[in-house]
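The values are calculated or read from the model by the stated rules, or taken from the named source; none is laboratory data. What you see is a predicted model, and the numbers here were worked out from it, not measured in a lab. Note that we place each Cβ from the backbone using ideal geometry, even for glycine, and neighbour counts take in every protein chain shown.
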Amino acid sequence: MSFKPKYTITNEILNNLTLIASAREIIEQSRLIPKWEAKLRKQALLQNTHSSTAIEGNRLTLEQVKDLSDKKEVVAADKDKQEVLNYLKAMEHIPNTAKKGKITVKTLLSMHEKITAGTLEKTSDCGVFRDRQVYVGRRISDGTGFKEEIEYMPPLTKEVPKFTEEFIVWLNKDETWQINPVLLAGMVHYEIARIHPFIDGNGRTARLLATLVLYLSGFDHRRIFSLDDYYDRDRKSYYAALKTVDTKIRDLTKWLEYFSDGVAFSINEVKEAVLKLGLKAKKETKSQISLTQKQMKIIERINIDGRITNRDLQKLFNISAQAAHKELKKLLRMKVIESKGKGRALYYVLL
């Protein structure tokens with residue numbers, strides 16, 4: 001049986017999609033200079049990482065996540081730190097994870113391996129389908145002590161490969177990518193959570209794959225939206241929304257209402273941040289500055305360290321001094337950076 005999601009476009013979903021399109025238009029039409037785009041991307045990276053790991057019980061604060069990202073020492077449990085470092089790396093790797101229509105089971109397993117490396121009790125559970133039954137439960141008091149209550153029982157272990165393969169086949173179809181990207185990301189998120197293909201890390205994998213879909217669809221090509229933060233603000237509502245889908249009928253409507261609520265909330269936060277910067281629309285000012293992935297990486301590094309040198313660039317991309325000089329020269333011509341100092345003390349900062 002092939003995978004086919006069931007859902008209805010309700011007034012709430014339609015209103016959310018309209019609000020999302022309007023807010024996104026404002027963001028896209030703003031002249032977002034590289035310096036601010038890098039800051040928004042960094043902020044989204046940190047918030048997504050903190051929220052997605054916190055939902056699963058990670059105890060690091062947002063400030064500690066930022067410190068780890070900046071390679072500073074953080075006093076915390078090794079497992080918590082590794083989970084955060086893993087998710088940061090996986091989020092940064094999003095542009096190189098897969099191409100639209102080319103997502104495979106191997107892609108999914110690789111994503112899971114990245115986010116769970118060095119954190120699971122059994123290393124053999126990392127990057128592979130589960131080989132035993134799992135369930136989602138919670139501890140409740142029965143008056144004399146605590147007992148485990150099963151909240152969700154995923155498909156049987158033997159069914160996981162089949163369900164996952166059917167889902168991936170559907171995800172790579174051309175008509176699938178004609179679905180509104182917000183709704184598609186919501187469907188992807190839910191189906192991975194439903195199948196629960198791994199021993200642990202299913203929630204993080206589901207949210208990461210949804211992020212990949214939003215990127216590949218062009219919806220969040222700049223990677224500046226922080227959807228996971230919405231879930232973390234009210235985890236009870238997040239879990240309750242996942243449970244609105246009947247396991248037999250599997251109608252996703254209520255879940256998609258919640259999911260589109262979250263995207264609307266998150267994109268509105270970015271819109272407000274852009275408006276606070278006082279950025280003018282592209283048509284009212286100079287054209288948008290378009291940078292390559294490599295150039296954005298340079299901007300992001302300057303944003304973190306405050307400056308960059310030719311030698312830093314050589315190490316960052318494993319290139320020659322001459323090649324590094326060419327990259328810096330391009331950014332100088334575009335008036336994105338400026339030089340400071342002279343000779344061996346020469347370095348570059350953002351304008």
Name the residue, out of 24, 31, 59, that is under 15 Å from residue 269 (Cβ atoms) and among the charged types (D, E, K, R).
24
Test of understanding: among 251, 246, 220, which residue is charged (D, E, K, R), out of contact with any strand residue (DSSP E or B) (no Cβ under 8 Å at 6 or more places or on another chain) and either crowded, with 22+ Cβ neighbours inside 10 Å or in contact (Cβ under 8 Å) with a residue 60 or more places away in the chain (or both)?
220
Pull up segment 339-351, narrow it to residues that are without any contact (Cβ under 8 Å) to a residue 24 or more places away in the chain and touching a Phe, Trp or Tyr at 6+ places or on another chain (Cβ under 7 Å), then point me to the one that is farthest from residue 301 (Cα to Cα).
341
Only one of (1) part of a loop (DSSP other than H, G, I, E, B); (2) on the phi < 0 side of the Ramachandran plot; (3) in contact with a helix residue (DSSP H, G or I) (Cβ under 9 Å, 6 or more places away or on another chain) does not apply to residue 264, and that is (1)
Does segment 91-101 contain any residue that is in a helix (DSSP H, G or I) and crowded, with 20+ Cβ neighbours inside 10 Å?
yes
Exception for residue 206 within (1) touching a residue at least 60 places away in the same chain (Cβ under 8 Å); (2) buried (at least 21 other Cβ atoms within 10 Å of the Cβ); (3) assigned to a helix (DSSP H, G or I) falls at (1)
For segment 1-48, the count of residues that are of a type in the set (D, E, K, R), over 23 Å from the mean Cα position of the chain (by Cα) and not in a loop (DSSP other than H, G, I, E, B) equals 2
Which numbered condition residue 226 fails, given (1) in the same structural domain as residue 247 (by TED's automatic domain parsing); (2) of a type in the set (S, T, N, Q); (3) part of a loop (DSSP other than H, G, I, E, B); (4) over 19 Å from the mean Cα position of the chain (by Cα):
(4)
